[in-house]
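Have a look at the structure below, then the notes.
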Amino acid sequence: VAIESNTIIKNANRSEAGGGYTGGAALEMAYGQTSSALTIDGATFDNNKNTSSNGGAIWAWHTNATIKGGTFSNNIASNGANAEGGFLCVIGGSSLSIEGGSFDSNSSSGQGGAISLLRATNTAVTKGSITGGEFTNNVSARPIAGYYYGGGAVYNDYDCELEIYNAIITENTESSHG
């Protein structure tokens, strides 16, 4: 999937009846399938909300994801307990490469106000790199005691690999500890 210079706004994804879940209000990639590719180049994702699971705008499983600039703001992942990645959640042997962009005012009810890299049982390591870009005013809030906390801007789960170069990360909040 390639998304270039598009504007993707106000998509919503809600819990399914019967206890199922879906990810990413705007886009869900390859759950339980072999790897796929996603390229975002200069797009705008604004005000997307997933109230079911991970990834306010995008949920990517076994996906090679590349982001080259763009604006990613006001996206929300919130299911009341543990939705990860306000804008984007990558999981299960995915790779993520970010080259610039603005990530502002995204939020999650779990880890990673803007972005969350998660591990999954019996999958390859999820890897990421961020070069440049600005992460501001993102919020993560994990309301359940006894769970892992963190990542007002970016959360990197155990057994995941993340490198960050020349990014501006400022005024983000992890609010589960008060």
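The values are calculated or read from the model by the stated rules, or taken from the named source; none is laboratory data. Bear in mind that the values here come from a model prediction, so they are computed numbers and not experimental data. Here the Cβ is made from the backbone with ideal geometry for all residues, glycine too, and neighbour counts use every protein chain on show. Accessible surface is based on the protein model in full, side chains and every heavy atom, while ligands, DNA and RNA are left aside. Shrake-Rupley method; radii C 1.70, N 1.55, O 1.52, S 1.80 Å.
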Can I67 be described as β-branched (V, I, T), touching a Phe, Trp or Tyr at 6+ places or on another chain (Cβ under 9 Å) and on the phi < 0 side of the Ramachandran plot? no
Region 99-140, residues that are open to solvent by less than 30 Å² (accessible area, probe 1.4 Å) and aliphatic (A, V, I, L, M): A114, I115, L117, L118, A120, I130
Only one of A167, A145, A81 is surrounded by fewer than 24 Cβ atoms within 10 Å (Cβ to Cβ), at pLDDT 90 or above and aliphatic (A, V, I, L, M). Can you tell me which? A167
Listed by first then second residue, the pairs whose first member lies in region 83-105 and is over 15 Å from I67 (Cα atoms), whose partner is assigned to a strand (DSSP E or B) and among the basic types (K, R), with beta carbons under 9 Å and at least 6 positions apart or on separate chains, are G93/K127
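Here is a yes/no grid of residues against (1) modelled with pLDDT of 90 or more; (2) of a type in the set (A, V, I, L, M, F, W, C); (3) open to solvent by 40 Å² or more (accessible area, probe 1.4 Å):
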residue	(1), (2), (3)
I40	yes, yes, no
S53	no, no, no
I58	yes, yes, no
G69	yes, no, no
F72	yes, yes, no
V90	yes, yes, no
S97	yes, no, no
Keeping to region 56-74, report how many residues are in contact with a Ser or Thr (Cβ under 8 Å, 6 or more places away or on another chain) and part of a loop (DSSP other than H, G, I, E, B). 3
